[in-house]
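Contents: one structure, followed by commentary.
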Amino acid sequence: MEITQFSYEANKKQTKMIKTKIIATLGPATTKTENIKALIDSGVNVFRLNFSHGSLEEHANLLDTINKLRSESSHTLAVMGDLCGPKIRTSQIEPSQKGSYEGPERRGNPGLKKGDEVAIVPNMETGTINRFGTNYEHFNRDIQPGDRVLIDDGQIELRVIDKDDNQTTCTVIVGGFIQSHKGINLPDTKVSTPSITERDWECVAWAIEHQLDYLALSFVRSAEEINHLKKHLRDQGSPIKIISKVEKPEAIENLESIVHVSDAVLVARGDLGVEMDLAQVPLIQKRITKMCRRLGKPVVVATQMLQSMIETPVPTRAEVSDVANAIMDFADAVMLSGETAVGEYPIEAVQTIKQIARNTEAFMDEHNSPRPQIEADDALAVTATLARSVAQILDEVNARLVVTWSQAGGTARLLSKSRIDAPIVAFSSDELFCRQMSLHYGVLPIYAELPANTQDFIRRAEETILTKKMG
Ligand code: PGA
Ligand code: MN
């Protein structure tokens, strides 16, 4: 087995490894085996199966391909299933009397204009742009006059003026064309839909059966929701770890308790930018990444990282800066969504992230920033102290690698969060824990059989490192 994630340049002091982890969403652009293989070869660490799109059968096919490639490759890869959560959507929409919402009639037709009236009728299966339905059963009950209704990533804005038992009447603030099954965000409304819907529970059962490594939970609002999913996984004997997607104002209010109970956190800037003031998103990103650093939890920055690469082979300067800044914010991983799922340049997007990471990480290693004291859970308090001591030693000793036995990944995680400069080679005799460690910044997980004792481990670790030419 050759470690290709780790390109060591023989005569240089520093071992070269991209420490920032890359998550790639699979989709229509990346279903073929050769495409997935190319993503692995270009450095993807975690694949995201997005349950908001595609059938479970399609996801099973993708997973089969990943599993096949994973057994042939030296790369340790994790697979994350992303639960849709209570995403509210518009119903099917037919052309209105005023003209079609799409097609040639759309040209010159303003669609909904400021001041127009619109009725939302829950459970209506097919509507028009002036009167349509939603999959949110209790829409009428939960919404209040004055609340905003944002449609299609906030491109269309309505405001509720009245409601009765059957429908909610809104006035158009920012117009446009409403299309079928577009997302609806209700930033002013206390949404009563459970965070884990019936469809999500089906996906959870599927994820357990197919032994995914991570489950991401969308639209998290409180720690209880994560505990609920955790308990379910535990009861089923599943070791899947949970990534909380922070994309609602309620999650920001309950941030600390959410981070505490989560295995990892994802800054979901897409919905966050609709649910909150867009100008707040960069600050929220900093707040979340900072808190995750303090609490020793991996954090992912996601959405529109290299959005323009969906269509063009070169990113914008702003996007390159954004990826670099996410790494400087101490993100453990960055996620590609449309770029790899539906884009024209998925491989180039991954290579671009790597190139930015290579440069940014070198800069960060040169300019050490103060390390926070990690407030780990009680069970890992000693490990946190150990990680801090290792970091202190490395300030004085120029080590090329840090090698650890990290059976369940706790030591690897806290060493990673301590942001030592040297790559962390983390051994475990558990394949699943090895895969889960793929998410941690700077960690290279290696599967090995349990050593007989410490000496045996040191001997075997040395052997592995030398044969893999890592140090
Ligand atoms: P999504 O989550 O892609 O599942 O919507 C990410 C986000 O909202 O940024
Ligand atoms: Mn989202």
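Between the helical axis of 281-294 and the dominant principal axis of the chain, each derived from Cα atoms, what acute angle in degrees is found, rounded to the nearest 10? Approximately 40 degrees, to the nearest 10. Between residue 35 and residue 399, the contour length at 0.36 nm per residue exceeds the alpha carbon distance by 127.4 nm.
Checking the cross-link filter: which aspartates and glutamates have an alpha carbon closer than 14 Å to that of residue 114, excluding same-chain neighbours under 8 positions apart? Output for residue 114: 157.
Residue separation of residue 328 and residue 198 scaled by 0.36 nm, minus their Cα-Cα distance, works out to 42.9 nm of gained length.
The GluC sites (Glu not before Pro) of the stretch 293-342 that DSSP puts in a loop, and whose beta carbon has at most 12 other beta carbons within 10 Å, are 311. What does DSSP give for the chain in terms of the percent of beta bridges that are antiparallel, rounded to the nearest 5? The antiparallel fraction comes to roughly 35 percent.
At a probe radius of 1.4 angstrom, the accessible area of the stretch 378-467 per residue rounds to 46 square angstrom. Each Cα pair under 8 Å and six or more residues apart adds its sequence gap; the mean of these over the residue count of the chain is a relative contact order of 16 percent. The base-10 log of I(q)/I(0) for the stretch 154-292, evaluated at q = 0.09, 0.15, 0.18, 0.19 Å⁻¹, reads -0.34, -0.85, -1.08, -1.14 [Debye formula, identical scatterers on Cα atoms, solvent excluded]. For the cross-link pairs 21/290; 163/231; 37/354; 241/468; 290/469, which exceed 27 Å when the distance is taken from alpha carbon to alpha carbon? Going by Cα-Cα distance, 163/231; 241/468; 290/469 fall outside the 27 Å limit. Restricting the calculation to Cα atoms, the chain yields a radius of gyration followed by a Dmax of 23.6, 79 Å. Helix 33-42 and the longest principal axis of the Cα set of the chain meet at an angle near 60°. Of the trypsin sites (Lys or Arg not before Pro) in the stretch 218-248, which ones lie in a loop per DSSP and count no more than 15 other C-beta atoms within 10 Å? Within the stretch 218-248, no trypsin sites (Lys or Arg not before Pro) qualify (loop, at most 15 other Cβ atoms within 10 Å).
Give the carbon-plus-sulfur fraction of the accessible surface of the chain in %, rounded to a whole number; probe 1.4 Å, heavy atoms of protein chains only. Intermediate results must be reported in sequence, preceding the final value.
Values: 10390 of 20960 Å².
Roughly 50 percent, rounded to a whole number.
Where does helix 56-72 land angle-wise versus the long Cα axis of the chain, in degrees 0 to 90, nearest 10? The angle comes out near 20 degrees.
The values are calculated or read from the model by the stated rules, or taken from the named source; none is laboratory data. Bear in mind that the values here come from a model prediction, so they are computed numbers and not experimental data. Please note: Cβ atoms are built from the backbone with ideal geometry, for glycine as well, and neighbour counts cover all protein chains shown. What goes into the accessible areas is simple: the full protein's heavy atoms, side chains included, and nothing from ligands, DNA or RNA. Shrake-Rupley method; radii C 1.70, N 1.55, O 1.52, S 1.80 Å.
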